[in-house]
Amino acid sequence: MLNRVSEPDAVGRDEERSRPTTPPIVVAIGVSHNGVVALKRVLGPLRESLRAAILVVRHISPTHISRLSHVLGRSIALPVKDAVAGEPLQPGVVYLAPPDLHLVVSDGHVGLNAGPKVRFSRPSIDVLFDSVARVCGPRAVGVLLSGGGSDGAAGLAAIRHAGGATIVQDPTEAVTPLMPRAALAANGHRVARIDDIPEAVRLAVSEATTK
């Protein structure tokens with residue numbers, strides 16, 4: 001069972017826990033409508049050799065019983081798991097936000113918290129992106145896919161401001177283009193068709209290893 005805890009307690013306060021000497025490389029992905037299909041197309045070409053942990057927020061109902069880890073696990077090569085508070089981030093692993101909890105990064109570990117909804121959403125894409133920008137800085141990669149509303153736009157800008165790479169699905173091909181369009185109101189993000197995003201992610205991760 002997932003622990004409902006508040007940040008920073010989501011990853012504990014154990015002073016003996018070792019802290020990473022450099023921030024982890026994290027690929028943070030946000031998606032809403034058409035989420036499963038979009039995630040399969042982005043994650044499918046990636047392999048465990050990717051030198052980054054992948055954290056995913058998909059907008060879902062608080063009462064939804066998620067089987068996304070099972071569905072994706074049968075469709076892609078990367079190991080997929082529901083995020084558990086306090087576990088260390090491992091490269092080449094996909095961590096999924098559970099229903100009704102924000103997913104964050106703290107000191108190279110997974111954090112979960114039941115903080116207020118952000119833009120009507122918990123889990124929120126902005127909350128994930130903001131934490132990745134703060135912890136990982138230029139070693140962060142943000143990816144925003146199809147969805148309604150504006151969740152993710154501010155967080156993606158935060159990643160960009162922190163020196164990370166930002167990728168937005170081309171809104172002309174998104175099933176629901178509102179989230180990509182909201183993000184693109186700010187300049188500087190790379191726009192890519194969904195089948196080009198995996199290679200863009202690989203390139204961004206490769207560049208992040210030198211930062």
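Bear in mind these aren't lab numbers, they're just calculated from the coordinates by the rules spelled out. It should be emphasised that the depicted structure is a prediction, and the values quoted were computed from it without experimental measurement. Using ideal geometry, Cβ is built from the backbone for each residue, glycine included, and neighbour counts are taken over all protein chains shown.
Sort segment 118-192 into rounded, prolate or oblate with this rule: let a ≥ b ≥ c be the square roots of the eigenvalues of the Cα gyration tensor; rounded if a/c is under 1.5, and if a/c is not under 1.5, prolate when a/b is larger than b/c, oblate otherwise.
oblate
In whole Å, what is the distance between the alpha-carbon centres of segment 37-96 and segment 130-151?
15
Please work out the FRET efficiency for the pair Glu199 and Thr172, using the Cβ-Cβ distance as r and a Förster radius of 22 Å; give the result to the nearest 0.05.
Using R0 = 22 Å, I get an efficiency of 0.70.
Could you give each residue of segment 32-46 its phi-based ³J(HN,Hα) in whole Hz, using Karplus coefficients 6.51, -1.76, 1.60 with θ = phi - 60°, and x for Gly or Pro?
10, 5, 6, x, 5, 4, 4, 5, 4, 6, 7, 7, x, x, 7
Quick one: grab the alpha carbon gyration tensor of segment 21-140, order the square roots of its eigenvalues as a ≥ b ≥ c, and give me rounded if a/c is under 1.5, else prolate or oblate depending on whether a/b is larger than b/c.
oblate
Let me check I've understood the local charge: for Ser32, count other residues with C-beta under 10 angstrom from its C-beta, Lys and Arg +1, Asp and Glu -1. What total comes out?
On the way: positive: Arg58; negative: Asp151.
Around Ser32, the surrounding residues sum to 0.
May I ask you to list the residues of segment 23-44 whose amide nitrogen lies under 20 Å from a point 7 Å from Cα along the Cα→beta-carbon direction of His70?
Backbone N within reach: 35-40.
What shape does segment 53-99 have by the C-alpha gyration tensor, where a ≥ b ≥ c are the square roots of the eigenvalues, rounded means a/c under 1.5, and otherwise prolate means a/b greater than b/c and oblate the rest?
Oblate shape, in that a/c is at least 1.5 and b/c is the bigger or equal ratio.
Restricting to the chain, compute how many DSSP beta bridges are antiparallel as a %, nearest 5.
Working: 7 of 31 bridges.
Counting only bridges with both partners in the chain, antiparallel ones make up about 25 percent.
Give me the Kirkwood hydrodynamic radius of the chain in Å, from all C-alpha pairs, to one decimal place?
In the chain this quantity evaluates to 16.5 Å.
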